[in-house]
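Notes follow the structure.
The values are calculated or read from the model by the stated rules, or taken from the named source; none is laboratory data. Predicted model only: the values in this text are computed from it and were never measured. All Cβ positions, even for glycine, are placed from backbone atoms using ideal geometry, and neighbour counts span all protein chains on display.
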Amino acid sequence: MEDHQQNLNEGSNEEHPSAHKKHRHRDDNLKAKKRPPQWLIWGLNILLLSFGLTVIFSFLTELIIDEDSSAILCVAVLLVLLVLNISCDVLANAIISCKPEAFHAMASNKIPGAKRAVTFCRNSSKLGSIFADVIGDICGIVSGAAGAALALIIAVSGDSWIKLLASIIVSAVIGALTVGGKAIFKHFALKYNKKIVFAFARFTTFFKKEKVRK
C-alpha cells in the first residue's frame, strides 16, 4: 500500500512530455518577442551603412574639389559618380530579375562564382536595396554638391542671374544623364542579367574566396 502511494506521488511530480513541450514552446515565443523585428534591424543597418558611405563619399569629394579646382576636375568627378550610380542600378536590376536556378548546374560543377551568384539571387531584395537605393541615392546627393561647385566655377565672374542659370543647367544635365542612363541600361540589365550577376559574383571571389565543400 505504501509503495503504491509512493508511485502515485512520484507520478504526480513527473511532468508530462506534452506539457514540457508547451513550456519550451512558450519560452521560445517569449524570446522571439524580446528580439527586435527583422525589418527594424534591417532598417537600422541600412541607416548606419548610408551614414558611413555618405561620410566617405562626401569627404573624398571635398578632398578632391575645392575653391581652386578646375572645371575639368569637377566634370571628371561627376562622371565617376554618374557611372557608379548607373552601374549600381544595372547590377540591382540584374540581381532582382535573375533566378538562383540559373546557376545551380554551374554551382554543382564547382565553377568559381556560381555558388556566390546563387547567394546573391536568394538575397536579391536586400542587395537590390543596397545598390539601387543606398549607393544610388548617395551618388545623387554627392553629385548635387559637385554640380554646385561646378556651377560656381562656371559663373565665378558673372552676375547673380548667371550663377542661378548655371546652377539650373548643371543640375538639369546631371539629372537627365542619371535618369536617362538608368532607363537606357535597364534594358541590358534585364536582358543579360545572368551574365551580369555571374560576372559580379566572379569578381567578388578575388577578394573573398568561396567555401568549397570537399
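What the table shows:
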{"quantity": "Filter result (without any contact (Cβ under 8 Å) to a residue 24 or more places away in the chain and either surrounded by 24 or more Cβ atoms within 10 Å (Cβ to Cβ) or closer than 11 Å to Arg122 by Cα (or both)) within segment 88-106", "calculated": "Lys99, Pro100, Glu101"}
{"quantity": "Qualifying residue in segment 204-212 (condition: part of a helix (DSSP H, G or I) and either touching a Lys or Arg at 6+ places or on another chain (Cβ under 8 Å) or more than 28 Å from Val55 (Cβ to Cβ) (or both))", "calculated": "yes"}
{"quantity": "Residues of segment 144-170 satisfying the condition of being in a helix (DSSP H, G or I), polar (S, T, N, Q) and surrounded by fewer than 16 Cβ atoms within 10 Å (Cβ to Cβ)", "calculated": "Ser160"}
{"quantity": "Residue selected from segment 65-81 under the condition loosely packed, with under 15 Cβ neighbours inside 10 Å and over 18 Å from Gly140 (Cβ atoms), by the criterion modelled with the highest pLDDT", "calculated": "Ile72"}
{"quantity": "Residue pairs meeting the criteria (Cβ under 6 Å; at least 6 apart or on separate chains; first assigned by TED's automatic domain parsing to the domain that holds Asn85, in segment 44-59; second of a type in the set (Ser, Thr, Tyr))", "calculated": "none"}
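Conditions tested, residue by residue: (1) outside any helix (DSSP H, G or I); (2) of a type outside the set (Val, Ile, Thr); (3) farther than 30 Å from Ala146 by Cα.
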residue	(1), (2), (3)
Leu73	no, yes, no
Ile86	no, no, no
Asn93	no, yes, no
Met106	no, yes, yes
Ala117	no, yes, yes
Phe120	no, yes, yes
Ser129	no, yes, no
Asp133	no, yes, no
